[in-house]
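Working notes, beginning with the structure itself.
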Amino acid sequence: MATATASVHTDWRQEWFEIEDATYLNLASQSPMPRATIRAVQAAIEANKYPHHKSDSTFFEVPNRIRASVARLIGGRPEEIAITTGASNGMAAIAYGLSWNPGDEVITSKGEFPLQYATWKPMEEREGLKLKIVSPRERFITADDLLAAMTPKTRVVSVSLVRFDDGSLLDAARVAAACHAQGALLVLDISQSCGAMPLDVERLGADFMVCAGYKWLLGPFGTGFFWAKSELIAKMRPGPFYWMAVPGSHNFSSLSFDDPKPEAAAKRWDTAESASYFNLNLVAMDVSTDFVVRAGPETVAAHNRKLIDLMYERLPKDRCIPASPLEADRRGSYGCFAARTKEKTLALYQKLREENVIVSLREGNIRVSPHLYNTERDIDRLISVITT
C-alpha cells in the first residue's frame, strides 16, 4: 500500500486562503494552492535575487523531493517517476517509447479526456496501429466493457482510473489482469484520483500511469508526473532525454558527454529544466505534494464522500438526476448530476455561476468537486441555489 500519512488534523481549512467571493466546489478543474505553497513560491522568487547563495546540489533537491512524495502517494519507487508538465507528457513518452507492429490495437473508451485521442490517433498513421474506442453497454464504462473489446491484437488499454465527466471509478485490477494474461499493457490516467483517494500501484496492476499536478495534487498548471514500472523502463525505445538524466550530470565542472546514456530510471523523461530550483512551478509542486502526503488521500476521500453523499441526499429529485454512481465505492472523490434536459442543465449551471457557486459543466453533467476547505455549509449553498 502507499504510505501517505493519515491526517489527525481537525480543521484543514486554515491551510488555505479563504475564498470570500465564491463557494468553490471545482477542485477537479483546478486546485487553489495551500498557503504553504504560495509562501514557498514567494520565497523562490526572492531567491532569484541571490543565485550565488544556492549550491549545485540545489538543482537536484526539489525534483528528488517531489519524486519521494509522489512515490508515497502511489506506493511506487522514486526512480520510477518522471516529473512532467502534465499528463500529456507521460502519454507521449509511452506512445513514442513502445515498439509497435502494424495492426496493434490500443483500446480506450468513448467520452474519455481528450488527451487519449490526441495521443493515440496520430499513432495510427505513424505506426500503423488501430485505436479502438469502446462505448459503455450500460451507463458507465466498466472493466467488462473493456475486456469484451480486447482481442489477440490488443497491445495497450489506455483509460482513466476516475472519469473526468461522470466520476465513475474503474476496476483497474481486473483490466490489468486481463491485459497481462495476453501480454498487453495497462495505461492509467490518474489525474482525477491521485491525492484524492488512496492508491497502490501493485494493487492497481498498471504498467504506466500519468497525472496532472494542478488538480488533487494541489499544484499549479504545468506540473505533473509519469510513472513507469521498473522492468519496462529499459525496454522502451531510445529517444531524446533531459541532459540531467545522464550519470555524472551532478558534477557541473565536468559536463562533456560525447556519448550520453540515460540513467536506468524514469527521470530520463523529466521535463526540461525540472532540476532548476528557480522553476517556480516545481517549487510549488514540491510543497503541495508534501502537503497532500501529510493530509492523506484517505482523509480527502472520507471528507468528500460525506459531502457528496449529502449532496445526492438533498438534490431535488423532481429536477435533478445523479450522473455518477451513487455507491461511493464505485466513484472517485466527487460527484456529478444533471437536470432533466440538456437545456435545463446548462441553465442551472449558468445560474450557479451567476450566484458564485463554482462548479464545472462537463459533457452535459454538472460536476461538484469539494476538498478539505469545503464544509456542509457549501453543499447547503449549492442546494439552496438549485432549489430557489
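The values are calculated or read from the model by the stated rules, or taken from the named source; none is laboratory data. Here the structure is a predicted model, which means the values were calculated and not measured. Cβ sites come from the backbone with ideal geometry, for glycine too, and all protein chains shown count toward neighbours. Remember, those area values only see protein heavy atoms, side chains included, never the ligands or the DNA or RNA. Shrake-Rupley method; radii C 1.70, N 1.55, O 1.52, S 1.80 Å.
Side notes on the structure shown:
- Prolate/oblate/rounded call for segment 84-139, Cα gyration tensor, a/c under 1.5 rounded: oblate
- Ala47/Lys344 FRET efficiency (R0 45 Å; Cβ-Cβ; nearest 0.05): 0.30
- Point-charge dipole on Cβ atoms (K/R +1, D/E -1) for the chain, about Cα centre, debye to 20: 540 debye
- Computed in the context of the full set of protein chains, the accessible area of segment 52-183 at 1.4 Å probe radius has 52% of its extent on carbon or sulfur.
- Given Lys229/Lys261; Lys215/Lys261; Lys130/Lys235; Lys110/Lys130; Lys110/Lys344, the pairs whose alpha carbons are separated by over 26 Å: Lys215/Lys261
- Surface composition of segment 257-331: carbon and sulfur atoms hold 50% of the protein heavy-atom accessible area at a 1.4 Å probe.
- Here the contact order of segment 245-371, divided by its residue count and restricted to Cα pairs under 8 Å and six or more residues apart, works out to 17 percent.
- Estimated [θ] at 222 nm from DSSP helical runs (n ≥ 4, -39500 (n - 2.57)) normalised by residues in the chain, nearest 500: -11000 deg cm²/dmol
- For segment 188-326: rounded, prolate or oblate by the Cα gyration tensor [a/c cutoff 1.5]: prolate
- When peptides 216-229, 196-209, 147-160 are sorted by average Cβ neighbour count within 10 Å, with the highest value leading, the order is 216-229, 196-209, 147-160.
- Counted charge near Pro247, where neighbours are those whose Cβ lies closer than 15 Å (Asp, Glu -1; Lys, Arg +1): -2
- Leading residue at positive end of dipole, the chain (Cβ point charges), from Pro32, Phe140, Ala87: Phe140
- Computed magnitude of the charge dipole of segment 139-207 (debye, nearest 20; Cβ of K, R +1, Cβ of D, E -1): 180 debye
- Contact order, relative form, for segment 109-154: 37 percent (alpha carbon pairs under 8 Å, 6 or more residues apart, mean separation divided by residue count).
- Among the GluC sites (Glu not before Pro) found in segment 15-57, those both in a DSSP coil and sparsely packed, with 16 or fewer other Cβ atoms within 10 Å of their Cβ, are Glu18, Glu20.
- Heavy atoms of Thr119: accessible area, 1.4 Å probe, square angstrom to 10: 20 Å²
- Options [x] 21.5, 71; [y] 23.5, 74; [z] 26.2, 95 - which one matches Rg and Dmax of the Cα atoms in Å as calculated here: [x]
- Positive-end residue of Thr154, Phe59, Ala234, charge dipole of the chain with Cβ unit charges: Thr154
- Summing Cβ point charges (Lys, Arg +1; Asp, Glu -1) relative to the Cα centre of segment 1-128 gives a dipole of roughly 380 debye.
- Here the gap between Ile133 and Ile38, fully extended at 0.36 nm per residue and compared with their Cα-Cα distance, gives a gain of 30.1 nm.
- Heavy-atom surface of the chain, accessible at 1.4 Å and reported per residue (Å²): 44 Å²
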